[in-house]
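Everything below concerns the one structure shown next.
Here, each number is a calculation from the coordinates, and none is a lab measurement. These figures come from a predicted structure and were not determined experimentally. All Cβ positions, glycine included, derive from the backbone under ideal geometry; neighbour counts span all protein chains shown.
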Amino acid sequence: MHEPSDAMTGRGAGSAADANEAGSVHLIVGTTRARIVLSGEIDADTGPELSEATAEAEATGLPVEIDAHHITFMDSSGVAFLARLATRMPQRVRILRAPPTVRFLLDVTRIGDLLDIVESDHEQDLD
């Protein structure tokens, strides 16, 4: 069997994704909002972590934001996570510092219409 080419996977030569950077999901809860920090490859392997973070963020009752700055790759699992989060939260979910590949997916799937996409976070502290 042939391995898919970089063009087919969306991973360019020499990119951080070439190192098969495993995805990670972290929830940080402040006094005014909850932040889910995503990094690396957000795909089916991170599915259980994404579900857990969604449930925990929802349980806080706080507005939720996603720090997407360090995402190197996202497949349909990540898009589904964002759609699920956007429809379950009472307040609009903010996406912070989304890289171009994530913005492209949000535009193509129209999930971006359900989210507030923010270039930078002027309020770095969660308190």
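In terms of its alpha-carbon gyration tensor, segment 35-127 comes out rounded; the largest-to-smallest axis ratio a/c stays below the 1.5 threshold.
Annotation for Val108 and Arg92: the two label points, set 7 Å from Cα along the Cα-Cβ direction, are 2.4 nm apart.
A Förster radius of 22 Å combined with the Cβ-Cβ distance from Asp116 to Thr32 puts the calculated FRET efficiency at roughly 0.90. Other residues within the sphere of radius under 9 Å centred on the Cβ of Ser77, judged by their own Cβ, net out at -3 (K and R +1, D and E -1).
Between Ile117 and Ile95, the built amide H atoms are under 5 Å apart, and every one of these is 5 or more places off in sequence or on another chain. Ala34 sits among other residues whose Cβ lies under 10 Å from its own Cβ, and their net charge, with Lys and Arg +1 and Asp and Glu -1, is -1. Each of Thr101 and Ser76 was given a label point 7 Å from its Cα along the Cα-to-Cβ line. The distance between the two points is 1.8 nm.
Bridge orientation summary for segment 20-118: considering DSSP beta bridges with both residues in this region, about 30 percent are antiparallel.
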